[in-house]
Amino acid sequence: MAPDTQAIVDARAIHKHFGALHVLKGVDLKVAERELVFVIGPSGSGKSTLLRCLNRLEEPSSGSILVDGIDMLDARTDINHARQRIGMVFQSFNLYPHMTALGNVTLALRKVAGKSRAEADRLGQAALERVGLADRAGHTPGQLSGGQQQRVAIARSIALEPRVMLFDEPTSALDPELVGSVLEVMRSLRESGMTMIVVSHEMGFARNAADRVVFMDDGLIVEQGPPAAIFESPTHERTRAFIGQIQRH
Amino acid sequence: MIQTFFNIEIIAAAWPIVLSGLLNTVLLSLIVVPLGLFGGLLLALLASIRHPLVRWPLMAWVDFFRAFPPLVLLILLFAGLPFAGLELGGFACVAIAFFLNTGAYYGEIFRAGIDSVPAGQVEAGRSTGLSRLQAMTWIVLPQAVRNVLPDLLSNTLEVVKLTSLGSVVAVPELLYQARQAQSLTYNPTPIVVAAIIYFLMLWPLVRLLSRLENRALAGRR
């Protein structure tokens, strides 16, 4: 991103230790408003941990994180309030199985955003509409396909009108024929101007939707740039090896 | 034989006494079951705070009251506390003993239920801004209770049966009243009647439990 644009996510010198394991070794990540950043890298490179540090699902060992101007690591920050601005979509969907699709989407609207049931239902229904599942509002997760479940999970996040959305391998648990519908929803989100940070191996999607690709390895950002640059002419040996590996498959 | 164990005249004579015992047993159950559930829930919620300062005393508490025979606990409260200047009635002693004893059992069941809910459920809730307590209330507990419903019901059956311990500290519940009637009539019929009443009262619960357990097994397959 250009140095003068306002960063909506500004993470600096993030370290994370799990016991003796040093998972993040000083990561800096700035994301501009409306930017779509793709984070790639081998498993164990720390990309999911980085994502989970941004909304403090993981507590970084050190560093600083500003999201939309809020200091996420300040003890005085109301983290529950701050998290409403940061949507998160998980690999395993994590829908609440005892609630309907609409119930999943409206829970935080009612309990966190303080909407009335009627207002929450209206907003929830609109969010389900945006992911193309308005007619599934009364279904429980068990009655939905994996792709539909993930779209409900996206609706659950966007209903809160977040300023940025984090995607943690959103399509990795899906059968291949269900991936497209989820990517379609992500594409329309991007077109609506949502700021997105995506950890994923969907290279085709990265190529034609991402503004920037970040390659991580061994707890560090090795290199980053426009998708074409990273995929066609990576400068680092490790990036080359990784790109070569995933493109052979 | 029937004259001895199922004497109609004695049933008629003892019925009011036995009936008042039944009412007290129901009343006692309606007090100790919610009390135990409440105590258990409290213990399980405390256990979900995984801080060592909470965890170890809690484990000691639960272990102690699961290992301690409830009858001994009851008699200790009833016969021991007066020496400390605290004279509680039989009813209160039963309530306290059950709160401590069955609360520990219910607590372990709730804890297993809470542990059975995947961590991703809480993470999803927290990521939308729910507090720890809100995530517990709206996301974890409903699933936890559903997962351990057969165990909760099974323990409840045990608790209702254990209310007969109240007879030891002169709480006029079903067994105590039946024994009163027996000693008044010099005939075991009232005890037989009490046994039949216990069975009729609990058998539907046992059936329900079997169905729940079968359904849980089928669900796992």
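So how many residues does the range A:222-241 have that are more than 21 Å from A:Gly26 (Cα to Cα) and crowded, with 16+ Cβ neighbours inside 10 Å?
The number of residues fulfilling the criteria is 4.
Would you be able to tell me the number of residues in the range A:239-249 that are within 24 Å of the chain's Cα centre (by Cα) and among the basic types (Lys, Arg)?
Residues meeting the conditions: 0.
Within the range A:5-24, work out how many residues are surrounded by 15 or more Cβ atoms within 10 Å (Cβ to Cβ) and either among the basic types (Lys, Arg) or touching a helix residue (DSSP H, G or I) at 6+ places or on another chain (Cβ under 9 Å) (or both).
Going residue by residue through the range A:5-24, those that are surrounded by 15 or more Cβ atoms within 10 Å (Cβ to Cβ) are A:7-11, A:14-16, A:22-24.
Retained after the next criterion (residues that are either among the basic types (Lys, Arg) or touching a helix residue (DSSP H, G or I) at 6+ places or on another chain (Cβ under 9 Å) (or both)): A:9, A:11, A:14, A:16, A:23-24.
Looking only at that region, the number is 6.
With the condition kept exactly as written, say whether any residue in the range A:148-157 is over 13 Å from the mean Cα position of the chain (by Cα) and surrounded by fewer than 23 Cβ atoms within 10 Å (Cβ to Cβ).
Scanning the range A:148-157 turns up at least one residue that is over 13 Å from the mean Cα position of the chain (by Cα) and surrounded by fewer than 23 Cβ atoms within 10 Å (Cβ to Cβ).
Among (1) within 23 Å of A:Leu189 (Cβ to Cβ); (2) of a type in the set (D, E, K, R); (3) in contact (Cβ under 8 Å) with a residue 40 or more places away in the chain; (4) more than 14 Å from chain B (Cβ to nearest Cβ), which single condition is A:Lys30 missing?
Failing condition for A:Lys30: (3).
Got at least one residue in the range B:51-72 being closer than 27 Å to B:Leu200 by Cβ and in a helix (DSSP H, G or I)? Can you show your working first?
Start the filter on the range B:51-72 by keeping residues that are closer than 27 Å to B:Leu200 by Cβ, which leaves B:70-71.
Imposing the further condition that a residue be in a helix (DSSP H, G or I) reduces the set to B:70-71.
Yes: the range B:51-72 contains one or more residues that are closer than 27 Å to B:Leu200 by Cβ and in a helix (DSSP H, G or I).
Are any residues in the range A:92-134 outside any helix (DSSP H, G or I) and at the interface with chain B (Cβ under 9 Å from one of its Cβ atoms), and if so, which ones?
If we filter the range A:92-134 for residues that are outside any helix (DSSP H, G or I), which is where we start, we get A:92-100, A:112-116, A:131-133.
Within the range A:92-134, A:Ser92, A:Phe93, A:Asn94, A:Leu95, A:Tyr96, A:Pro97, A:His98, A:Met99, A:Val112, A:Ala113 meet the criteria.
With the requirement that a residue be touching a residue at least 60 places away in the same chain (Cβ under 8 Å) and either outside any helix (DSSP H, G or I) or hydrophobic (A, V, I, L, M, F, W, C) (or both), what does the range B:202-221 give you? I'd like the intermediate steps shown before the answer.
Filtering the range B:202-221 for residues touching a residue at least 60 places away in the same chain (Cβ under 8 Å) gives B:212-213, B:216.
If the condition is that a residue be touching a residue at least 60 places away in the same chain (Cβ under 8 Å) and either outside any helix (DSSP H, G or I) or hydrophobic (A, V, I, L, M, F, W, C) (or both), then B:Leu212, B:Ala216 are the ones that fit.
Name every residue in the range B:1-10 that is assigned to a helix (DSSP H, G or I) and touching a helix residue (DSSP H, G or I) at 6+ places or on another chain (Cβ under 6 Å), in order of residue number. Before the answer, list the steps.
Going residue by residue through the range B:1-10, those that are assigned to a helix (DSSP H, G or I) are B:2-5, B:8-10.
The answer is B:Phe5, B:Ile10.
Quick one: which of A:Leu128, A:Leu51, A:Leu102, A:Leu133 is touching a residue at least 40 places away in the same chain (Cβ under 8 Å) and surrounded by 21 or more Cβ atoms within 10 Å (Cβ to Cβ)? Please lay out each step first, then the result.
On the way: A:Leu128 fails: touching a residue at least 40 places away in the same chain (Cβ under 8 Å); A:Leu102 fails: touching a residue at least 40 places away in the same chain (Cβ under 8 Å); A:Leu133 fails: touching a residue at least 40 places away in the same chain (Cβ under 8 Å).
When all the criteria are applied, what remains is A:Leu51.
Out of all the residues in the range A:68-92, which are among the aliphatic types (A, V, I, L, M) and under 17 Å from the mean Cα position of the chain (by Cα)? Steps first, answer last, please.
Restricting attention to the range A:68-92, the residues satisfying the condition of being among the aliphatic types (A, V, I, L, M) are A:70, A:72-73, A:75, A:79, A:82, A:86, A:88-89.
Residues satisfying the conditions are A:Met72, A:Ala82, A:Ile86, A:Met88, A:Val89.
Would you mind stating whether A:Phe38 is closer than 22 Å to B:Leu141 by Cα and among the aromatic types (Phe, Trp, Tyr)?
no
Every residue in the range B:32-74 that is closer than 20 Å to B:Val171 by Cβ, touching a residue at least 60 places away in the same chain (Cβ under 8 Å) and buried (at least 16 other Cβ atoms within 10 Å of the Cβ), please.
Those that are closer than 20 Å to B:Val171 by Cβ, touching a residue at least 60 places away in the same chain (Cβ under 8 Å) and buried (at least 16 other Cβ atoms within 10 Å of the Cβ): B:Val32, B:Val33, B:Leu35, B:Gly36, B:Gly39, B:Pro70, B:Leu74.
Find the residue count for the range A:68-85, including only residues that are under 12 Å from A:Asn55 (Cα atoms), more than 12 Å from every other protein chain (Cβ to nearest Cβ) and either of a type in the set (Lys, Arg) or not in a loop (DSSP other than H, G, I, E, B) (or both).
Residues flagged as under 12 Å from A:Asn55 (Cα atoms), more than 12 Å from every other protein chain (Cβ to nearest Cβ) and either of a type in the set (Lys, Arg) or not in a loop (DSSP other than H, G, I, E, B) (or both) within the range A:68-85 amount to 2.
Looking only at the range A:182-200, decide whether some residue is touching a Gly at 6+ places or on another chain (Cβ under 6 Å), surrounded by fewer than 21 Cβ atoms within 10 Å (Cβ to Cβ) and over 24 Å from A:Ala11 (Cα atoms). Let's see the steps before the verdict.
Filtering the range A:182-200 down to residues touching a Gly at 6+ places or on another chain (Cβ under 6 Å) leaves A:182.
Remaining after also requiring surrounded by fewer than 21 Cβ atoms within 10 Å (Cβ to Cβ): none.
No; the residues of the range A:182-200 include none that is touching a Gly at 6+ places or on another chain (Cβ under 6 Å), surrounded by fewer than 21 Cβ atoms within 10 Å (Cβ to Cβ) and over 24 Å from A:Ala11 (Cα atoms).
Give me the residue from the range A:111-122 that is surrounded by fewer than 18 Cβ atoms within 10 Å (Cβ to Cβ) and at pLDDT 95 or above and, out of that set, nearest to A:Asp135 (Cα to Cα).
Only one residue tops the list, namely A:Arg122.
Just checking, which of B:Ala84, B:Ala104, B:Ala135, B:Ala92 is of a type in the set (Gly, Ala, Ser), away from chain A (no Cβ under 14 Å) and surrounded by 18 or more Cβ atoms within 10 Å (Cβ to Cβ)? Write out each step before concluding.
Values: B:Ala84 fails: surrounded by 18 or more Cβ atoms within 10 Å (Cβ to Cβ); B:Ala135 fails: away from chain A (no Cβ under 14 Å); B:Ala92 fails: surrounded by 18 or more Cβ atoms within 10 Å (Cβ to Cβ).
None of the others qualify; the one that does is B:Ala104.
Among the residues of the range A:154-185, which ones are more than 14 Å from every other protein chain (Cβ to nearest Cβ) and either hydroxyl-bearing (Ser, Thr, Tyr) or out of contact with any Phe, Trp or Tyr (no Cβ under 7 Å at 6 or more places or on another chain) (or both)?
Going residue by residue through the range A:154-185, those that are more than 14 Å from every other protein chain (Cβ to nearest Cβ) are A:171, A:174-185.
Once the filter is applied, which keeps residues that are more than 14 Å from every other protein chain (Cβ to nearest Cβ) and either hydroxyl-bearing (Ser, Thr, Tyr) or out of contact with any Phe, Trp or Tyr (no Cβ under 7 Å at 6 or more places or on another chain) (or both), the range A:154-185 yields A:Thr171, A:Leu174, A:Asp175, A:Pro176, A:Glu177, A:Leu178, A:Val179, A:Gly180, A:Ser181, A:Val182, A:Glu184, A:Val185.
Any residue in the range B:11-18 that is within 29 Å of B:Ala181 (Cβ to Cβ), at pLDDT 90 or above and either aliphatic (A, V, I, L, M) or touching a strand residue (DSSP E or B) at 6+ places or on another chain (Cβ under 9 Å) (or both)? So that I can check it myself, show each step before the final result.
The initial filter retains those residues of the range B:11-18 that are within 29 Å of B:Ala181 (Cβ to Cβ), namely B:11-18.
Narrowing the set further to residues that are at pLDDT 90 or above leaves none.
No, every residue in the range B:11-18 fails to be within 29 Å of B:Ala181 (Cβ to Cβ), at pLDDT 90 or above and either aliphatic (A, V, I, L, M) or touching a strand residue (DSSP E or B) at 6+ places or on another chain (Cβ under 9 Å) (or both).
When only residues in the range B:116-132 that are in contact (Cβ under 8 Å) with a residue 12 or more places away in the chain and under 30 Å from B:Asn101 (Cβ atoms) count, which is surrounded by the fewest Cβ atoms within 10 Å (Cβ to Cβ)?
Initial filter on the range B:116-132 (in contact (Cβ under 8 Å) with a residue 12 or more places away in the chain): B:116-117, B:121-122, B:124-125.
With under 30 Å from B:Asn101 (Cβ atoms) added as a condition, the list becomes B:116-117.
Values: B:Ser116: 13, B:Val117: 20.
It comes out as B:Ser116.
Only one residue in B:Val159, B:Val168, B:Val148 is surrounded by 20 or more Cβ atoms within 10 Å (Cβ to Cβ), on the phi < 0 side of the Ramachandran plot and touching a residue at least 60 places away in the same chain (Cβ under 8 Å). Which one?
Working: B:Val168 fails: surrounded by 20 or more Cβ atoms within 10 Å (Cβ to Cβ); B:Val148 fails: touching a residue at least 60 places away in the same chain (Cβ under 8 Å).
Residue meeting the stated conditions: B:Val159.
The values are calculated or read from the model by the stated rules, or taken from the named source; none is laboratory data. Owing to the predicted nature of the structure, the values given are computational and were not obtained by experimental measurement. With ideal geometry, Cβ positions are generated from the backbone for all residues, glycine too; neighbour counts draw on all protein chains shown.
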